[in-house]
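**Student:** Let me begin by handing over the structure; questions about it come next.
The values are calculated or read from the model by the stated rules, or taken from the named source; none is laboratory data. Since the model is a prediction, treat every value here as computed from it, not as a measurement. All Cβ positions, even for glycine, are placed from backbone atoms using ideal geometry, and neighbour counts span all protein chains on display. For accessibility, only protein heavy atoms count, side chains too; no ligands or nucleic acids. Shrake-Rupley method; radii C 1.70, N 1.55, O 1.52, S 1.80 Å.
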Amino acid sequence: MTPAPGRLLRTRISGVGRYLPERVLTNHDLERMVETSNEWIVERSGIRERRIAADDESSGTMGARAAEEALASAGLRGSDIDLVIGATCTPDGMFPATATVIQDAIGAGRASSFDVNAACTGFLTALSVGSQFVASGSARRVLVAGSETLSRVVDWTDRGTCVLFGDGAGAVVLEPAADGEPGGLASPVLRSDGALGDLLYARGPASARSGAGAASGVPAAGDNGADPLRAVASCIVMDGRNVFRHAITAMTEAAQACLAGAGLEASDIALCMPHQANVRILSAFARNLELSEDRVYMNLERYGNTSAASIPIALAEAVAEGRLAAGDRVLMVAFGGGFTWGATVVEWSGVREPERLSAVPGPLPSTAPPP
């Protein structure tokens with residue numbers, strides 16, 4: 001589909017989906033693992049439980065499950081998709097891209113596929129890229145999946161980080177918006193500052209073997225032995241105090257710039273869909289924008305921080321709960337390791353809700369301490 005010269009197509013979200021692993025890890029479970037307490041975790045983060053992927057699950061398999069639900073929501077099949085973009089910082093492997101795992105699983109045989117990694121800002125980055133493919137006419141239908149298996153890069157002896165993260169996936173389908181119908185992604189703002197990269201990071205198997213990279217535990221050429229440091233060094237490292245401070249400033253700045261670029265005020269936003277990281281960060285952000293907390297969607301008490309998956313999971317659940325109507329303006333905003341941050345406004349066009357999407361995962365377990 002080629003747009004008229006000089007005219008860009010508007011892009012709408014036509015389908016949503018999400019997948020959460022069955023296993024629930026509660027704060028009381030964590031009390032048995034590290035020196036912490038349910039009360040401390042809830043007070044500091046707002047999180048009560050998180051999901052943990054099964055041994056046979058990965059970012060690719062979970063992303064495919066979310067993608068299947070998004071396709072059903074859009075009334076499409078995998079063969080209708082022209083491009084699959086995966087947003088993840090916990091890929092199935094160094095290569096091929098996790099997006100290709102999703103592409104194959106959903107039967108999108110004629111689609112191109114690639115990953116983006118902007119940590120917790122990954123979904124907004126992928127959404128912006130995908131919408132521009134549609135807007136330019138380079139692709140008619142794009143599937144964007146945010147999927148993370150953070151439980152495999154968490155140091156389960158570090159009480160400062162292991163209580164925060166969980167696994168899951170969410171996905172959306174992007175298509176052109178017809179003339180006269182609501183829909184569109186407005187004024188995306190994407191920022192990064194590599195000088196702040198040491199605030200939140202996880203090293204990988206290709207890290208440098210000198211200086212700071214030496215901590216990665218990557219063996220020298222010919223070294224076939226297992227380095228006991230490698231497992232810990234590739235885990236999430238976070239300077240919680242400074243991440244907290246920068247996150248509030250970054251999210252506020254991005255949201256204000258996005259709203260200004262779209263010619264909107266915070267009062268025009270029906271629902272804010274922030275990255276689900278920490279309830280104190282989200283509350284401070286809401287105050288900065290003068291948004292009442294009933295207009296800031298939160299589900300982190302159930303799932304914790306699922307990085308690039310958090311916004312699409314929340315979006316799918318908001319749809320299932322009937323929180324969005326055609327024409328509503330949704331503000332999406334995130335920050336992540338790197339340091340990255342961003343925001344965009346989506347004019348909601350309404351999506352078809354597949355029957356299975358209406359079933360939100362089971363209730364939170366009892367808050368009573370374990371025997």
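**Student:** Go through the stretch 269-302 and give me each residue that's part of a helix (DSSP H, G or I) and over 21 Å from C162 (Cβ atoms). Before the answer, list the steps.
**Tutor:** Filtering the stretch 269-302 for residues part of a helix (DSSP H, G or I) gives 279-289, 293-295, 300-302.
Selection gives S283, A284, F285, A286, R287, N288, L289, E293, D294, R295.
**Student:** Consider D92 against the criteria (1) touching a Ser or Thr at 6+ places or on another chain (Cβ under 9 Å); (2) open to solvent by less than 50 Å² (accessible area, probe 1.4 Å): it satisfies all of them except one. Which criterion is unmet?
**Tutor:** (2)
**Student:** For the stretch 237-274, which positions are surrounded by 22 or more Cβ atoms within 10 Å (Cβ to Cβ) and either closer than 21 Å to A195 by Cβ or free of Cβ contacts under 8 Å to residues at least 24 places away in the same chain (or both)?
**Tutor:** The answer is A247, A250, M251, A254.
**Student:** Return the residue satisfying two criteria in turn: it lies in the stretch 155-171 and is of a type in the set (A, V, I, L, M) and open to solvent by less than 10 Å² (accessible area, probe 1.4 Å), and of such residues it is farthest from L71 (Cα to Cα).
**Tutor:** V163
**Student:** Go through (1) within 17 Å of P188 (Cβ to Cβ); (2) assigned to a helix (DSSP H, G or I) one by one and return the number of the condition V144 breaks.
**Tutor:** Of (1) within 17 Å of P188 (Cβ to Cβ); (2) assigned to a helix (DSSP H, G or I), only one is false for V144: (2).
**Student:** Starting from the stretch 60-84, take each residue that is buried (at least 21 other Cβ atoms within 10 Å of the Cβ) and list its partners that are polar (S, T, N, Q) and assigned to a helix (DSSP H, G or I), counting only C-beta distances under 6 angstrom and pairs at least six apart or across chains.
**Tutor:** Pairs that qualify, where the first residue is buried (at least 21 other Cβ atoms within 10 Å of the Cβ) and the partner is polar (S, T, N, Q) and assigned to a helix (DSSP H, G or I), are G60/T98; V84/Q103.
**Student:** Additional query: Looking at S151, S128, S187, can you tell me which residue is part of a helix (DSSP H, G or I), within 21 Å of the chain's Cα centre (by Cα) and more than 26 Å from S79 (Cβ to Cβ)?
**Tutor:** Exactly one residue qualifies, and that residue is S151.
Here is a yes/no grid of residues against (1) of a type in the set (S, T, N, Q); (2) open to solvent by 10 Å² or more (accessible area, probe 1.4 Å); (3) under 21 Å from E22 (Cβ atoms); (4) in contact with a Gly (Cβ under 8 Å, 6 or more places away or on another chain):
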position: E293; (1), (2), (3), (4): no, yes, no, no
position: G304; (1), (2), (3), (4): no, no, yes, yes
position: S310; (1), (2), (3), (4): yes, no, yes, yes
position: A334; (1), (2), (3), (4): no, no, no, yes
position: G337; (1), (2), (3), (4): no, yes, no, yes
position: W341; (1), (2), (3), (4): no, yes, no, no
position: W348; (1), (2), (3), (4): no, no, no, yes
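For (1) closer than 22 Å to V319 by Cβ; (2) acidic (D, E), each residue gets a yes or a no:
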residue: R241; (1), (2): no, no
residue: F244; (1), (2): no, no
residue: T249; (1), (2): no, no
residue: E253; (1), (2): no, yes
residue: Q256; (1), (2): no, no
residue: G261; (1), (2): no, no
residue: L264; (1), (2): yes, no
residue: A270; (1), (2): yes, no
residue: P274; (1), (2): yes, no
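**Student:** Mind counting the residues in the stretch 70-125 that are closer than 17 Å to V16 by Cα, assigned to a loop (DSSP other than H, G, I, E, B) and within 16 Å of the chain's Cα centre (by Cα)?
**Tutor:** Selection size over the stretch 70-125: 0.
**Student:** Examine the stretch 316-324 for a residue that is part of a helix (DSSP H, G or I), in contact (Cβ under 8 Å) with a residue 24 or more places away in the chain, open to solvent by 10 Å² or more (accessible area, probe 1.4 Å) and out of contact with any strand residue (DSSP E or B) (no Cβ under 6 Å at 6 or more places or on another chain), and state whether such a residue exists.
**Tutor:** yes
**Student:** Let me ask something else. Go through (1) touching a residue at least 24 places away in the same chain (Cβ under 8 Å); (2) open to solvent by 10 Å² or more (accessible area, probe 1.4 Å) one by one and return the number of the condition E43 breaks.
**Tutor:** It fails just one condition, (1).
**Student:** State whether one or more residues within the stretch 145-163 are more than 30 Å from S37 (Cα to Cα) and of a type in the set (A, V, I, L, M, F, W, C).
**Tutor:** Yes - at least one qualifying residue is present in the stretch 145-163.
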